[in-house]
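The values are calculated or read from the model by the stated rules, or taken from the named source; none is laboratory data. Model, not experiment: these values are computed from the prediction. All Cβ positions, even for glycine, are placed from backbone atoms using ideal geometry, and neighbour counts span all protein chains on display.
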Amino acid sequence: MDYFTNFPGFSLRKGEHMRNAFKRLAKSKGWSEKKRATEREIFHRSVVQDLNTRFIKLEHYQNLCKELFDDVPSTITQCKKLLTSKYVNIWDIVEGRYRYFEEYKEFRSYTHHDPVHKRIPVEVWVQILSYPYPSQLSRVQMVNKNFSSIVSLMEV
């Protein structure tokens, strides 16, 4: 991700979550709350841009499916269908970790231990939710009030 390259002398630690790296960067720079909020927005836009550039072509989707499932569908539509049939943490994908869950309960347990996952910006969720079929968005709307409001904002 390009965001951290804007800060010479700062580097990600092996295995470090990007959100934790952002906190470490903010602390090392002594950012005020206002500066931290501004930089967080820039950081989140960088995440969206990274996702937009990583998933453009069929081969990008196929690589993700192969990493996650050892299955390589032949079309983007088939890849999306496979991806939306499982529970995948988007931060794991952004950070290059490939893991999925068959059951929502397991997924929730995995993501719920770290409340930072709840702070993914709306524009990232809109990008993520642009991939499922419109008919699948009704399932997403039922997850919680936040998802319901995000889906209702989208043009379907």
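For every residue, the table says whether it meets (1) closer than 18 Å to VAL126 by Cβ; (2) touching a Leu at 6+ places or on another chain (Cβ under 9 Å).
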{"position": "GLU33", "(1), (2)": "no, no"}
{"position": "ARG36", "(1), (2)": "no, no"}
{"position": "GLU39", "(1), (2)": "no, yes"}
{"position": "VAL47", "(1), (2)": "yes, no"}
{"position": "LEU51", "(1), (2)": "yes, no"}
{"position": "ILE56", "(1), (2)": "yes, no"}
{"position": "GLU59", "(1), (2)": "no, no"}
{"position": "LYS66", "(1), (2)": "no, no"}
{"position": "ILE76", "(1), (2)": "no, yes"}
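Testing LYS118 on (1) at pLDDT 75 or above; (2) farther than 19 Å from SER46 by Cβ; (3) among the charged types (D, E, K, R), one condition comes back false. Which one is that?
Single failed check for LYS118: (1).
Hey, SER28 hits all of (1) in a helix (DSSP H, G or I); (2) in contact with a Ser or Thr (Cβ under 8 Å, 6 or more places away or on another chain); (3) of a type outside the set (Lys, Arg) but one; which does it fall short on?
Tallying (1) in a helix (DSSP H, G or I); (2) in contact with a Ser or Thr (Cβ under 8 Å, 6 or more places away or on another chain); (3) of a type outside the set (Lys, Arg), SER28 fails exactly one: (2).
Could you tell me which residue of segment 31-50 is surrounded by the fewest Cβ atoms within 10 Å (Cβ to Cβ), considering only residues that are hydroxyl-bearing (Ser, Thr, Tyr) and assigned to a helix (DSSP H, G or I)?
The residue in question is THR38.
From the list THR75, THR111, THR53, pick out the single residue that is within 22 Å of ARG19 (Cβ to Cβ), of a type in the set (Ser, Thr, Tyr), at pLDDT 75 or above and exposed (fewer than 13 other Cβ atoms within 10 Å of the Cβ).
Criteria check complete, one pass: THR53.
Among ASN20, ASN89, ASN6, which is the only one that is touching a helix residue (DSSP H, G or I) at 6+ places or on another chain (Cβ under 9 Å) and under 19 Å from TYR131 (Cα atoms)?
That would be ASN89, the only listed residue that is touching a helix residue (DSSP H, G or I) at 6+ places or on another chain (Cβ under 9 Å) and under 19 Å from TYR131 (Cα atoms).
How many residues does segment 72-93 hold that are over 22 Å from VAL143 (Cα atoms) and not polar (S, T, N, Q)?
Of the residues in segment 72-93, 4 are over 22 Å from VAL143 (Cα atoms) and not polar (S, T, N, Q).
Any chance segment 115-126 includes a residue that's in contact with a His (Cβ under 6 Å, 6 or more places away or on another chain), surrounded by fewer than 17 Cβ atoms within 10 Å (Cβ to Cβ) and outside any helix (DSSP H, G or I)?
yes
Which of the residues that make up segment 85-95 are at pLDDT 85 or above and surrounded by 16 or more Cβ atoms within 10 Å (Cβ to Cβ)?
TYR87, VAL88
Run down TYR131, TYR98 and say which single residue is within 13 Å of the chain's Cα centre (by Cα), at pLDDT 80 or above, among the hydroxyl-bearing types (Ser, Thr, Tyr) and within 25 Å of ARG45 (Cα to Cα).
Selected residue: TYR98, the only one of TYR131, TYR98 that is within 13 Å of the chain's Cα centre (by Cα), at pLDDT 80 or above, among the hydroxyl-bearing types (Ser, Thr, Tyr) and within 25 Å of ARG45 (Cα to Cα).
What are the pairs, 6+ residues apart or on separate chains, where a residue within segment 95-113 that is assigned to a strand (DSSP E or B) has its Cβ under 7 Å from a residue that is not β-branched (Val, Ile, Thr)?
Going by the 7 Å Cβ cut-off, the qualifying pairs are TYR100/LEU68; TYR100/LYS86; TYR100/TYR87; PHE101/LYS86; PHE101/TYR87; PHE101/PHE107; PHE101/TYR110.
Which of the following residues is farther than 22 Å from GLN136 by Cβ and buried (at least 17 other Cβ atoms within 10 Å of the Cβ): PHE4, PHE22?
Being farther than 22 Å from GLN136 by Cβ and buried (at least 17 other Cβ atoms within 10 Å of the Cβ) holds for just one of PHE4, PHE22, which is PHE22.
Here are some conditions: (1) among the acidic types (Asp, Glu); (2) closer than 17 Å to PRO121 by Cβ; (3) not in a helix (DSSP H, G or I). GLU16 meets all but one. Which one does it not meet?
Going through (1) among the acidic types (Asp, Glu); (2) closer than 17 Å to PRO121 by Cβ; (3) not in a helix (DSSP H, G or I) one by one, GLU16 breaks only (2).
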